[in-house]
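The values are calculated or read from the model by the stated rules, or taken from the named source; none is laboratory data. Fair warning: this is a prediction, and the values are worked out from it, not measured in the lab. In this analysis, Cβ positions are derived from the backbone assuming ideal geometry, glycine residues included, and neighbour counts consider all displayed protein chains.
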Amino acid sequence: MTNDHVVENADKIVARFKDGRTYDGEIKGTDPESDIAVVKIKARGLTPAKLGDSDSTRVGEFVLAIGAPFNLSYSVTFGHVSAKGRSFEGETRGYADQDFIQTDASINPGNSGGPLVNLYGEVIAVNTMIEGMNTGIGFAVPINLAKRVKDHLIAEGKFTRSWIGVFIEELREDAEYKNLGKPLAPDTDDGVVIVGMAANGPASKSGLRAGDVIVSVEGKTVKTARELKDSILLQPPGHVLVLNVVRGKDHLSIKVRTEALPMDAGLAEARHQPDAETGSPAFGLTVQATTKDLAEQYGVEPDSGVIVTAVERDSPADEKGIQPGDVITQINRQPVANLKQFRQALKAADARKGLMVNLISNGSNRMVILRDNDR
C-alpha cells in the first residue's frame, strides 16, 4: 500500500527490500481522492506490517515516520500526533471529503507512501504530504480509511464513494437559520441543514426537502457536515439509508437510496448577476404565476409554484443568488402554489427574523433565508 501520487504516471514499478531483493510491481488499483494505491508483487515469506486503529489514536501520542526522504532509504524520524480531523476544502486532488492526521514527525519528499507508526509498532496512517519544508507540519491518511480503500482496490481495482446529492451547512454555524424564531423542535440544537439538493440526485427522489435538518443517520447522531459525509461516502451505492430529520416541529424518518458519487459532484452554486430590472419591495423579488408560456420560456414545470421574473440588483434576493426562472414553492414551510399564497406568506412573515424560501433553481431544490436590508 502506498500513495497514488507515488505510482501516478509510472512506466515501471520496482519494490526494493533492505536485503537487496527487488520485485516488479503491478498496480492493482488507485484512488486519487484518498491518495491511496495498492501495488502487487510476487514474493513469499514476507512479514506484513501490523495495522492499528486510527480512530483510537490520540493527539499527543509519540509516532515514528519511516521512508526514504531525499533518497535516504530507511530513514526514521519521530514526533507526535499534532491533530486529527484535518481537512483541505477546495484542494484539487479531491481531499475535501476526507480527514488527515497531522504530525510534527519530520516528513520530507520521499516519505510519501511510508508508514506513520505508533510506539506499539502499529501503522496508524500513510504519510502523504507536508506544509512547506522543515515546518514540522505533515499529514497522513488515517489507516482505517486506507484499509477500507485498500480492500476495494484489491477486489475491484477502484473505490466507489456514495452520495445523496445534498448541499449542507451545520446548524450550529447557520445563524440565519437558527434566528428564524426557533422554527425547530425544541430538542434540536445540532444537526446538518439541507440548503439545496442536486437535480435528479438521490435526495431529490426521496421525501427530503431543502430546509430539513438531518440529526442522525442509521440511528447515529450527526452534528457536523463531516459526520454526515462520512456516514454516506463509505456506504455502497444502492444502500438505503434511514435518516432522522427535523422539519419544523416534527421528527421524521426518511429513507434515501445512495448512488455512486459522480466525478463532477463538486457542485458549486454559481452566483448570477441579473440585469437591473424593476423589482417588488418584497426582498427585491418580482414574481408571477407560473403560466404555460412562462414555464416554456424558462424551461420549468407548469403549476409548480410562482416564478421569479426579475431580481433587483444588490437586493437580499440577489445576494442569495436567486435569479429569474427560479420557482418558489414554499415560504416559511407553507406551500406557495399561486400569487395569493405568495402574498399571504409575505404578509405573515416577520422580516426581522427572515424569510425561509424553498425554490427550484436550474432543476435543483434549495433553501435560502432572506432578510429585508431596510428593516
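Contact annotation: residue pairs with Cβ atoms under 6 Å, 6 or more positions apart or on different chains, pairing a residue in the stretch 72-87 that is in the same structural domain as GLU131 (by TED's automatic domain parsing) and touching a residue at least 12 places away in the same chain (Cβ under 8 Å) with a partner that is loosely packed, with under 15 Cβ neighbours inside 10 Å and among the small types (Gly, Ala, Ser), are HIS80/GLY60. Only one of the listed residues (ALA310, ALA295, ALA317, ALA349) is within 20 Å of GLY248 (Cα to Cα) and among the small types (Gly, Ala, Ser). That residue is ALA349. Of everything in the stretch 1-59 that is among the β-branched types (Val, Ile, Thr) and exposed (fewer than 14 other Cβ atoms within 10 Å of the Cβ), the residue that is farthest from HIS152 (Cα to Cα) is VAL59. Just one residue in the set ALA65, ALA43, ALA37 is of a type outside the set (Ser, Thr, Tyr), closer than 25 Å to VAL81 by Cβ and in contact with a Phe, Trp or Tyr (Cβ under 9 Å, 6 or more places away or on another chain); that residue is ALA65. Of all residues in the stretch 228-250, those that are modelled with pLDDT under 85 have Cβ atoms under 8 Å from Cβ atoms of residues that are not in a loop (DSSP other than H, G, I, E, B), 6 or more apart or on another chain, in LEU233/ASP97; LEU233/SER162; LEU233/TRP163; LEU234/ARG148; LEU234/SER162.
Would it be correct to say that ASP350 is of a type in the set (Asp, Glu), closer than 14 Å to LEU285 by Cα and not in a helix (DSSP H, G or I)? When the stated conditions are applied, ASP350 does not pass them. Screening GLY90 with (1) on the phi > 0 side of the Ramachandran plot; (2) loosely packed, with under 11 Cβ neighbours inside 10 Å; (3) modelled with pLDDT of 85 or more gives one miss only, at (3).
Just checking, does the stretch 33-46 include any residue being more than 24 Å from ARG148 (Cα to Cα), of a type in the set (A, V, I, L, M) and assigned to a strand (DSSP E or B)? For the stretch 33-46, residues more than 24 Å from ARG148 (Cα to Cα), of a type in the set (A, V, I, L, M) and assigned to a strand (DSSP E or B): absent.
Whenever a residue of the stretch 302-330 is at positive phi and buried (at least 21 other Cβ atoms within 10 Å of the Cβ), its partners that are modelled with pLDDT of 85 or more and in a strand (DSSP E or B), lying with C-beta atoms within less than 6 angstrom and at least six residues away or across chains, give the pairs GLY305/VAL327; GLY305/ILE328; GLY305/THR329.
Restricted to the stretch 331-342, and to residues there that are surrounded by fewer than 21 Cβ atoms within 10 Å (Cβ to Cβ) and aliphatic (A, V, I, L, M), the residue that is modelled with the highest pLDDT is ALA337. When you check ILE130 against the structure, is it closer than 21 Å to ASP31 by Cα, at pLDDT below 85, surrounded by 13 or more Cβ atoms within 10 Å (Cβ to Cβ) and among the aliphatic types (A, V, I, L, M), yes or no? So ILE130 fits the description; yes. From ILE107, ILE101, which residue is closer than 19 Å to PRO142 by Cβ and assigned to a loop (DSSP other than H, G, I, E, B)? Criteria check complete, one pass: ILE107.
Of all residue pairs spaced 6 or more apart or on separate chains, those with beta-carbon atoms under 9 Å, a first member in the stretch 166-179 that is more than 12 Å from ASP190 (Cβ to Cβ) and assigned to a loop (DSSP other than H, G, I, E, B) and a second member that is at pLDDT 80 or above and of a type in the set (A, V, I, L, M) are ASN179/ILE369. Out of the residues in the stretch 180-203 that are under 16 Å from VAL256 (Cβ atoms) and assigned to a loop (DSSP other than H, G, I, E, B), state the one that is modelled with the highest pLDDT. The selected residue is PRO202. Identify, by number, the condition in (1) at pLDDT below 85; (2) in a strand (DSSP E or B) that LEU359 doesn't meet. Of everything listed in (1) at pLDDT below 85; (2) in a strand (DSSP E or B), LEU359 misses just condition (1).
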